[in-house]
Structure formats: C-alpha cells, structure tokens
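The values are calculated or read from the model by the stated rules, or taken from the named source; none is laboratory data. Small disclaimer: the values here were computed from a predicted structure and weren't measured. Counting neighbours? That spans all protein chains shown, and the Cβs are built from the backbone with ideal geometry, glycine included. Ligands, DNA and RNA are stripped out before the accessible areas are found, and what is left, the full protein with its side chains, is counted by its heavy atoms. Shrake-Rupley method; radii C 1.70, N 1.55, O 1.52, S 1.80 Å.
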Amino acid sequence: MNTDSLYQQIEDEFHRHLVDCHDSKRAHFDLADYYYEKANILYYFQSFGLTVITAWLLSTQFEGFLPKDNSIVKATPTVLAIIVSVLTIVEHVFRFKDKAATHEQAAKRYHTLWRACKNWKTDFPDDSTIEQARLVVQKYREQLNDINRDSPHLSSVSWGKIAKMRAKSGNKDVSKYSFEEEEKRHDIYS
C-alpha cells in the first residue's frame with residue numbers, strides 16, 4: 001500500500017474519532033445540564049419549604065395572629081414538613097446531582113480526546129511520520145473505546161432529554177468554547 005493512501009486512511013480515522021468524540025461530548029454535556037437543572041429545582045423547592053417552615057414557626061409566637069385551635073395552624077407545619085421530606089426522598093431516589101456529575105465527567109473525557117484528534121495534523125503534518133501517526137490513531141481508538149465503555153448509556157429517553165436541552169439552548173453547542181464556534185463559522189464560510 002502506498003504511503004499517500006495509508007496517510008489518507010489515517011486521516012479519515014482521525015476524522016471519525018473527531019466526529020464521534022464531538023457528538024458524544026455534546027450529548028453528555030447536554031445531559032449534565034439537564035440533570036443539574038433538575039437538581040437545582042429540587043434544591044430551590046427544599047430551601048423554600050424549609051424557609052416557610054421556619055417562618056411559620058417564628059410567626060406562631062405572635063399571639064392573636066390566628067387562633068391556636070385553628071386547623072390551618074395545626075396542619076401547616078406538618079404538611080410543609082412532609083413536602084420537604086418527600087422532596088428530599090425524591091432527590092435521593094433520582095440522584096440528579098450524581099447523574100449530572102457522571103455525564104459531565106464523561107463529556108470532559110470525550111472533550112480531551114476530541115482536542116487531541118482535532119490537533120493531530122500538528123504532530124503529523126505529512127506522510128514522513130506515517131508510522132507514528134498509525135500508532136497514535138490506534139491508541140486514540142482504544143481510548144475512545146474505553147471512554148464509550150465507561151460512559152453512561154444514552155438511551156432513547158436520554159436522547160429525548162438531550163433534544164429538550166438543545167431546544168432550550170437554541171441548539172447551540174454548549175460543549176464548545178466561544179472561539180470554537182467562531183472557528184466553525186469561519187470554516188463553513190471559507
């Protein structure tokens with residue numbers, strides 16, 4: 001096999017890794033955002049509930065505000081405590097923060113490999129270093145396989161959540177830095 005053909009095959013494989021890493025990191029970053037958002041909502045409801053309970057307990061010290069035998073006075077602290085307890089249980093059952101951290105970690109691993117694949121031509125600008133390039137592309141394939149194996153599975157339900165986050169962000173790629181978006185626009189229009 002001639003070196004030009006081999007170099008082109010290596011370049012094609014680097015490009016496949018680049019695309020795979022980009023799509024995966026973007027999906028995991030979007031899911032991390034989705035789960036962080038859910039965790040924050042639960043946190044705000046819990047904080048609000050605890051604040052209301054505290055305020056209620058402090059306000060019951062004022063005589064004459066409501067009669068002490070009023071059913072609202074008797075039931076409110078219990079109802080609020082149950083709501084906060086249920087929210088705490090929901091937090092532990094659904095583990096939104098843990099899921100967010102897991103997806104964020106996977107996305108960061110994909111991003112690291114994506115950056116390496118993106119810059120491969122800097123290390124291997126021509127076919128004079130073809131053997132080293134071949135070894136590196138194989139190493140990257142192994143790394144990608146390891147990351148795929150260690151990352152959380154993206155089910156059809158997950159893709160629905162990803163679509164929801166992308167619709168909310170206007171389908172902007174939140175996994176990229178602003179200068180990368182500018183590079184992409186420049187590459188498209190060049």
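Here are the numbers:
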quantity: Breaking point among (1) at pLDDT 90 or above; (2) more than 17 Å from residue 37 (Cα to Cα); (3) surrounded by 12 or more Cβ atoms within 10 Å (Cβ to Cβ); (4) not polar (S, T, N, Q), for residue 150; calculated: (3)
quantity: Residues satisfying the stated conditions in the range 1-37, i.e. touching a residue at least 60 places away in the same chain (Cβ under 8 Å) and among the basic types (Lys, Arg); calculated: 25, 26
quantity: Every residue from the range 153-180 that is at pLDDT below 90 and outside any loop (DSSP other than H, G, I, E, B); calculated: 164, 165, 166, 167, 168, 178, 179, 180
quantity: Residue pairs meeting the criteria (Cβ under 9 Å; at least 6 apart or on separate chains; first in contact (Cβ under 8 Å) with a residue 12 or more places away in the chain, in the range 74-93; second of a type in the set (Lys, Arg)); calculated: 91/97
quantity: Qualifying positions in the range 1-37 - under 12 Å from the mean Cα position of the chain (by Cα) and aromatic (Phe, Trp, Tyr); calculated: 29, 34, 35, 36
quantity: Residue check for residue 137: farther than 27 Å from residue 151 by Cβ, open to solvent by less than 80 Å² (accessible area, probe 1.4 Å) and assigned to a helix (DSSP H, G or I); calculated: no
quantity: Search result, residues across the range 153-166 that are open to solvent by less than 90 Å² (accessible area, probe 1.4 Å) and in contact (Cβ under 8 Å) with a residue 60 or more places away in the chain; calculated: 154, 158, 161, 162, 165, 166
quantity: Verdict on residue 69 being modelled with pLDDT under 85 and acidic (Asp, Glu); calculated: yes
quantity: All positions within the range 1-51 that are surrounded by 16 or more Cβ atoms within 10 Å (Cβ to Cβ) and β-branched (Val, Ile, Thr); calculated: 10
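Residues are listed down the side, and each one gets a yes or a no for (1) over 14 Å from residue 12 (Cα atoms); (2) open to solvent by 70 Å² or more (accessible area, probe 1.4 Å):
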residue	(1), (2)
92	yes, yes
104	yes, no
109	yes, yes
121	no, yes
130	no, no
142	yes, yes
